[in-house]
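Chemist: Right, I'll just put the structure down here and ask away after.
The values are calculated or read from the model by the stated rules, or taken from the named source; none is laboratory data. As the structure is a prediction and not an experimental result, all values here were calculated from the model. All Cβ positions, even for glycine, are placed from backbone atoms using ideal geometry, and neighbour counts span all protein chains on display. Surface accessibility is based on the protein's heavy atoms, side chains included, excluding ligands, DNA and RNA. Shrake-Rupley method; radii C 1.70, N 1.55, O 1.52, S 1.80 Å.
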Amino acid sequence: MTSYTESEERQALRREVAKLAGKYGREWFTEKARSGEKTTDLWLEIGRNGYLGINIPEEYGGGGGGIGDIAAVCEELAAQGCPLLLMVVSPAICGTIISRYGTAEQKARWLPGICDGTGTMAFAITEPDAGTNTHNISTTARRDGDSWVLNGRKIYISGMDESDHVLVVARTEDSRTGTVKPVLFVVPTGADGFEYRPIPMEIVSPELQFQVFIDDVRLPADALVGDEDGGLVQLFAGLNPERIMAASFSTGLARFALDRAATYAKERTVFHAPIGTHQAVAHPLAQSKIEVELARLMTQKAAALYDSGDDVGAGEAANMAKYAAAEAACDAADRAVQAHGGNGITQEYGMAGLLVATRAGRIAPVSREMILNYVAMHSLGLPKSY
Ligand SMILES: Cc1cc2nc3c(=O)[nH]c(=O)nc-3n(C[C@H](O)[C@H](O)[C@H](O)COP(=O)(O)OP(=O)(O)OC[C@H]3O[C@@H](n4cnc5c(N)ncnc54)[C@H](O)[C@@H]3O)c2cc1C
């Protein structure tokens, strides 16, 4: 990593994705959300154009790029008002883990569909009782002859209704009371014993979250991705990309909010001049612009470290980027709503929905408190607090 600017190729990618997403736009996205429809058209179009699997090896239908590329795609979609949460999950988490740890046969079976958008894969780690403490998950995998039998519950799993498969994080049964031994399985969402129900959320998005019920779901031996004893390393391969993607999702939303707010502040006049003339309106937006650019820089650093193979360095940077991006996005959305006055809370202007969408970034995929715990312990050397 020798430069503070992105390559011309990456910048061109951003322009192309922005142009494509701009054809759809925020109004199209919110209309889909409010009518209970899906964003499949956009999803498949970014798949056809090679953006969805841009981080996946070319031999499996991908673009052979890195997390920096897929993060740029994710950010530009959000910056056009079309944030696609499943990008974080399907190509970045599942795509990365399968590319790194799947067998040649598993890669050939699942990656092409992830790349072209016809085989979206969800990711399920969160459980009702374990919550943030993922070491405590109780979804268990038991060997039965040549197959595996899975039992457990998952919560807040995004996009179950749009996915053919879900990558489930479980633990092997004999480790129930000992150290967690996470194991990963690709489970068909239509499998016997597998059910999911939507959780009513206040987020204005066509992408929904689900409760998942796994009761004696029987899987063939080759549903197991990676080594049974591979442990946390295999899981973390997907979690750093997840944080980098979540950061990009947040900075994209923040850019969208600021863009709309600046446009509005230039046009709306209630005293003698546009409201953007007043520093009380302009300064908070300028402050957010700075905070968002700083978060973007850290996100790009995290992606560059990850793509260079430095998993440890990427871990710290990805946590910091995700924290900074979520904070910047929450403030940007709030300030953008304020600049709109009453219009900021109307459905017509569609700004208030950004408050919840950006707020989710402080909670998921890892909460701000857990990032602060991580930085206190790993970056500052303070005692472990949890
Ligand atoms: C929109 C959305 C989409 C999601 N999609 C997915 C998905 O696709 N797949 C998936 O597996 N999960 C998904 N999640 C789940 C998400 O990862 C969890 O919500 C998140 O990890 C927090 O877990 P929890 O909700 O159980 O909160 P809890 O663990 O109950 O935590 C509650 C609060 O306590 C704080 N806290 C807990 N322990 C500590 C501590 N030791 N120190 C300081 N503070 C602490 C937390 O930071 C948090 O603020 C999604 C969540 C949302 C909101």
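Chemist: Charges on Cβ only, +1 for Lys and Arg, -1 for Asp and Glu, centred on the Cα centroid of segment 134-286; of Gln209, Gly230, Ala141, which one is farthest towards the dipole's positive end?
Modeler: Gln209
Chemist: Farthest toward the dipole's positive end in segment 218-348, which of Val270, Asn319, Met245, given Cβ charges of +1 (Lys, Arg) and -1 (Asp, Glu) about the Cα centre?
Modeler: Val270
Chemist: So if a site counts as exposed when it's one of the trypsin sites (Lys or Arg not before Pro), its DSSP state isn't H, G, I, E or B, and it has at most 14 other Cβ atoms within 10 Å, what's the longest stretch of the chain without one?
Modeler: Numbers: sites that count: Arg176, Lys384.
The segment 177-383 is the longest one with no such site.
Chemist: How high is the FRET efficiency between Thr132 and Val312 when r is their beta carbon distance and R₀ equals 25 Å, given to the nearest 0.05?
Modeler: Details: r = 22 Å, r/R0 = 0.87.
Efficiency computed from Cβ-Cβ geometry: 0.70.
Chemist: Stretch His283-Glu228 to full length: gain in nm at 0.36 nm per residue minus the Cα-Cα span? Intermediate values should be presented prior to the final figure.
Modeler: Working: separation 55, 0.36 × 55 = 19.80 nm, distance 5.37 nm.
The His283-Glu228 span can extend by a further 14.4 nm.
Chemist: Continuing with the same structure: Using the alpha-carbon atoms, what tilt in degrees (0 to 90, nearest 10) does helix 232-267 show relative to the longest principal axis of the chain?
Modeler: So the inclination is approximately 20 degrees.
Chemist: Okay, moving on. Kindly report the accessible area of segment 270-386 per residue (heavy atoms of protein chains, probe 1.4 Å, no ligands, DNA or RNA), in Å². Intermediate results must be reported in sequence, preceding the final value.
Modeler: Working: 5960 Å² over 117 residues.
Dividing the accessible area of segment 270-386 by its residue count gives 51 Å².
Chemist: Determine the distance separating the Cα centre of segment 284-322 from the Cα centre of segment 1-52; give it in Å without decimals.
Modeler: Between the Cα centres of segment 284-322 and segment 1-52 lies a distance of 20 Å.
Chemist: Here is a further query. Considering only Gly361, Gly65, Gly145, give the residue with the highest GNM mean-square fluctuation for the chain, with springs between Cα atoms whenever their separation is below 10 Å.
Modeler: In the Gaussian network model the winner is Gly145.
Chemist: Which is the longest run of the chain containing none of the GluC sites (Glu not before Pro) found in DSSP loop states (not H, G, I, E, B) with at most 10 other C-beta atoms within 10 Å? Spell out each step's value before the answer.
Modeler: Details: sites that count: Glu202, Glu348.
My reading of the result: 1-201 is the longest stretch.
Chemist: Counting only heavy atoms of the protein chains, get the accessible area per residue of segment 187-264 (1.4 Å probe) and round it to a whole Å² value.
Modeler: Details: 3140 Å² over 78 residues.
Counting only protein heavy atoms, the per-residue value for segment 187-264 is 40 Å².
Chemist: Can you give me the relative contact order of the chain as a percent, contacts being Cα pairs under 8 Å and 6 or more apart?
Modeler: Details: 729 pairs, mean separation 59.3, N = 386.
It rounds to 15 percent for the chain.
Chemist: Rank Gly61, Gly309, Gly344 by mean-square fluctuation in a GNM of the chain with C-alpha springs under 10 angstrom and give only the top-ranked residue.
Modeler: Its mean-square fluctuation being the largest, the pick is Gly309.
Chemist: Only Lys, Arg, Asp and Glu count, each charged at its Cβ (+1, +1, -1, -1), so figure out the dipole size of the chain about its Cα centre, rounded to 20 debye.
Modeler: Working: 36 positive and 49 negative charges, 223 e Å.
Using Cβ point charges on Lys, Arg, Asp and Glu, the chain gives about 1060 debye.
Chemist: At a 1.4 Å probe radius, carbon and sulfur cover how many percent of the accessible area of the chain? List each step's numbers first, then the result.
Modeler: Values: 8890 of 17260 Å².
Here it works out to 52 percent.
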